[in-house]
Amino acid sequence: MAKVVIIGPAHPLRGGLATFNQRLARAFNDAGHSCSIYSFSLQYPSFIFPGKTQYTDEPAPDGIDIHTVINSVNPLNWLKVGRRLRRERPDLILVRFWLPLMGPALGTILRQVKKNKHTCIICLADNVIPHEKRPGDGPFTRYFLRSCDAFITMSEKVMQDLRLFEKTKPAKLVAHPLYDNFGDAVDKQQARQHLGLPPVKKLLLFFGFIRAYKGLDLLLDAVSVLRQRNAAYVSDMRLLIAGEFYEDEQKYQQQIDKLGIKDMLILRTDFIPDSEVRYYLCAADVLIQPYRNATQSGVTPLAYHFDKPMVVTNVGGLPALVPHGISGLVTEPTPESIADGIEAYFELGEAHFIPNLQKEKQRYSWEQLVETIQELGREVRRKA
């Protein structure tokens with residue numbers, strides 16, 4: 001049995017990173033290890049956080065040991081937490097890295113831990129080069145990466161970015177596991193009734209935090225293109241936008257007004273609590289990911305879990321996650337191409353994709369991720 005620590009967000013922080021870390025901790029525990037999470041007492045200062053709140057009011061997950069101790073902007077705290085972990089001597093630390101801003105805090109903590117000459121440090125890199133660039137990205141990233149012994153990525157794009165910084169340290173690519181902790185699927189009509197949605201034959205879903213790189217503006221333009229092509233075709237179509245704005249909402253409202261498509265939209269732009277996630281996925285006919293750029297997406301494993309076909313753009317790791325014509329359709333990141341993909345999806349129909357989705361998703365397991373992390377740890381120790 002190994003003593004494992006995950007460093008990254010956890011309850012009461014909300015969002016995909018926290019959900020992932022908690023599910024991974026459970027997978028480690030189920031495999032017979034002792035796993036805890038070291039999370040943030042302060043993750044982002046409020047003046048740089050783009051959403052309404054960083055916290056959830058949902059109950060803490062059962063059976064997960066969470067220590068809310070890291071202050072991302074206090075160097076004295078970094079030293080204190082690092083010394084605490086050094087004394088605890090975990091066999092393995094798995095540290096999440098998604099934003100260069102976290103580099104100084106995490107890199108300092110890990111340098112303290114490494115002084116115990118025992119703990120193996122593996123980074124699970126969600127991003128190495130961020131979607132939205134800021135001053136200091138390069139130095140902060142290099143400082144953090146140098147404190148790690150090995151790396152896991154969940155897309156080829158992130159692996160390529162990693163190798164721009166770290167040429168030789170061990171690294172493995174593993175598929176993003178399915179989110180299976182949002183409950184079982186429900187009937188489509190039951191889900192729509194639960195959400196109070198109108199009865200339509202074609203329901204598109206855009207799901208998740210709304211940020212520029214996710215291309216919601218491209219999808220809005222695509223909806224306008226579809227209306228211009230055939231108003232009758234879209235008379236029973238709606239786009240459900242479910243997720244909180246992480247940037248200026250006004251520019252999207254202005255675009256909607258300019259395009260004249262307000263009647264084709266259903267806006268649910270508050271944070272979607274975990275207990276409601278399954279209803280949004282199950283209510284939709286198809287999930288649209290019109291990203292301008294991407295590494296991997298946490299929304300894609302959600303779609304797989306709920307057997308939901310996808311239309312995604314040909315950027316980053318999305319085409320590898322969603323094979324064209326199998327679990328969805330791949331388009332170019334332009335309104336016209338996205339509109340083509342939506343039309344093609346409804347021509348093929350849901351029944352074309354469901355058997356392929358169910359077969360494809362067998363590749364995405366938490367057990368495989370745990371085993372890959374353990375293999376990397378053994379490799380690091382052999383080379384030590």
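Is it the case that G298 is small (G, A, S), under 25 Å from F20 (Cα atoms) and modelled with pLDDT of 95 or more?
Numbers: small (G, A, S): yes; under 25 Å from F20 (Cα atoms): yes; modelled with pLDDT of 95 or more: no.
No; evaluated as a whole, the condition is false for this residue.
Here are some conditions: (1) in a loop (DSSP other than H, G, I, E, B); (2) exposed (fewer than 13 other Cβ atoms within 10 Å of the Cβ). L76 meets all but one. Which one does it not meet?
Looking at each condition in turn, L76 falls short on (1).
Picking from P290, P335, which residue would you name as being closer than 20 Å to H131 by Cβ and either in contact with a helix residue (DSSP H, G or I) (Cβ under 8 Å, 6 or more places away or on another chain) or open to solvent by less than 50 Å² (accessible area, probe 1.4 Å) (or both)?
The conditions single out P290.
Given the structure, is Q160 assigned to a helix (DSSP H, G or I), of a type outside the set (K, R) and within 24 Å of N21 (Cα to Cα)?
Considered against the rule, which asks whether it is assigned to a helix (DSSP H, G or I), of a type outside the set (K, R) and within 24 Å of N21 (Cα to Cα), Q160 comes out as yes.
Residues that are of a type in the set (G, A, S), touching an Asp or Glu at 6+ places or on another chain (Cβ under 7 Å) and assigned to a helix (DSSP H, G or I): does region 321-343 have at least one?
No, region 321-343 has no match at all.
Looking at (1) in contact with a Gly (Cβ under 9 Å, 6 or more places away or on another chain); (2) under 14 Å from K262 (Cα atoms); (3) open to solvent by less than 50 Å² (accessible area, probe 1.4 Å), which one does I210 not meet, given that it meets all the others?
Of everything listed in (1) in contact with a Gly (Cβ under 9 Å, 6 or more places away or on another chain); (2) under 14 Å from K262 (Cα atoms); (3) open to solvent by less than 50 Å² (accessible area, probe 1.4 Å), I210 misses just condition (2).
For Y280, state whether it is more than 16 Å from Y179 (Cα to Cα) and aromatic (F, W, Y).
no
List the strands (runs of 3 or more DSSP E) that sit entirely inside region 1-72 and contain at least 3 residues that are open to solvent by less than 30 Å² (accessible area, probe 1.4 Å) and either under 21 Å from W366 (Cβ atoms) or of a type outside the set (D, E, K, R) (or both).
In region 1-72, the matching strands (runs of 3 or more DSSP E) lie at 3-7, 34-42.
So is L376 in contact (Cβ under 8 Å) with a residue 24 or more places away in the chain, farther than 30 Å from C120 by Cβ and not in a loop (DSSP other than H, G, I, E, B) or not?
Considered against the rule, which asks whether it is in contact (Cβ under 8 Å) with a residue 24 or more places away in the chain, farther than 30 Å from C120 by Cβ and not in a loop (DSSP other than H, G, I, E, B), L376 comes out as no.
Does region 350-367 include one or more residues that are surrounded by 14 or more Cβ atoms within 10 Å (Cβ to Cβ) and under 20 Å from T119 (Cβ atoms)?
So far as region 350-367 goes, no, none of its residues is surrounded by 14 or more Cβ atoms within 10 Å (Cβ to Cβ) and under 20 Å from T119 (Cβ atoms).
Any residue in region 118-143 that's under 20 Å from I93 (Cα atoms): show its pairings with residues that are part of a loop (DSSP other than H, G, I, E, B) and β-branched (V, I, T) at Cβ separation under 6 Å, as long as the two are six or more apart or on different chains.
From region 118-143, the pairs are N127/T295.
Just checking, how many residues over region 163-202 are in a strand (DSSP E or B) and touching a Phe, Trp or Tyr at 6+ places or on another chain (Cβ under 8 Å)?
Summing the residues that are in a strand (DSSP E or B) and touching a Phe, Trp or Tyr at 6+ places or on another chain (Cβ under 8 Å) in region 163-202 gives 3.
Among the residues of region 309-333, what is the count of those that are modelled with pLDDT of 95 or more and under 22 Å from Y279 (Cα atoms)?
Adding up the residues that qualify gives 5.
Residues checked against (1) at positive phi; (2) within 23 Å of the chain's Cα centre (by Cα):
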site: R26; (1), (2): no, yes
site: H33; (1), (2): no, no
site: S39; (1), (2): no, yes
site: L42; (1), (2): no, yes
site: E58; (1), (2): no, yes
site: I66; (1), (2): no, yes
site: V73; (1), (2): no, no
site: V81; (1), (2): no, no
site: R89; (1), (2): yes, no
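Taking interchain pairs and intrachain pairs at least six residues apart, which have beta carbon atoms under 6 angstrom, with the first residue in region 1-27 and farther than 20 Å from V299 by Cα and the second aromatic (F, W, Y) and at pLDDT 95 or above?
Close Cβ pairs satisfying both conditions: V4/F28; V5/Y38; I7/Y38.
Working carefully through the options F28, F40, find the one that is in contact with a Pro (Cβ under 8 Å, 6 or more places away or on another chain) and either at pLDDT 95 or above or among the aliphatic types (A, V, I, L, M) (or both).
Just one listed residue meets the conditions, F40.
Determine which member of the set A231, A185 is free of Cβ contacts under 8 Å to residues at least 60 places away in the same chain, open to solvent by 50 Å² or more (accessible area, probe 1.4 Å) and among the small types (G, A, S).
Selected residue: A231, the only one of A231, A185 that is free of Cβ contacts under 8 Å to residues at least 60 places away in the same chain, open to solvent by 50 Å² or more (accessible area, probe 1.4 Å) and among the small types (G, A, S).
Given the options S337, S297, name the one that is under 17 Å from the mean Cα position of the chain (by Cα) and among the polar types (S, T, N, Q).
From the options S337, S297, the qualifying one is S297.
Within region 148-157, can you find the residues that are assigned to a loop (DSSP other than H, G, I, E, B) and under 24 Å from T300 (Cβ atoms)?
Of everything in region 148-157, those that are assigned to a loop (DSSP other than H, G, I, E, B) and under 24 Å from T300 (Cβ atoms) turn out to be M154, S155.
For region 79-133, name all the residues that are of a type in the set (A, V, I, L, M, F, W, C), under 16 Å from L145 (Cβ atoms) and either part of a helix (DSSP H, G or I) or open to solvent by 10 Å² or more (accessible area, probe 1.4 Å) (or both).
Correct list: W98, L99, L101, M102, A105, L106, I109, L110, V113, I129.
In region 130-145, what residues are out of contact with any Lys or Arg (no Cβ under 9 Å at 6 or more places or on another chain), modelled with pLDDT of 90 or more and not aromatic (F, W, Y)?
Result: D137, G138, P139, T141, R142.
The values are calculated or read from the model by the stated rules, or taken from the named source; none is laboratory data. The model shown is predicted, which means the values in this text are computed figures rather than measured ones. Cβ atoms come from the backbone with ideal geometry, glycine included; neighbour counts cover every protein chain shown. Heavy atoms of the whole protein, side chains included, go into the accessibility calculation; ligands, DNA and RNA do not. Shrake-Rupley method; radii C 1.70, N 1.55, O 1.52, S 1.80 Å.
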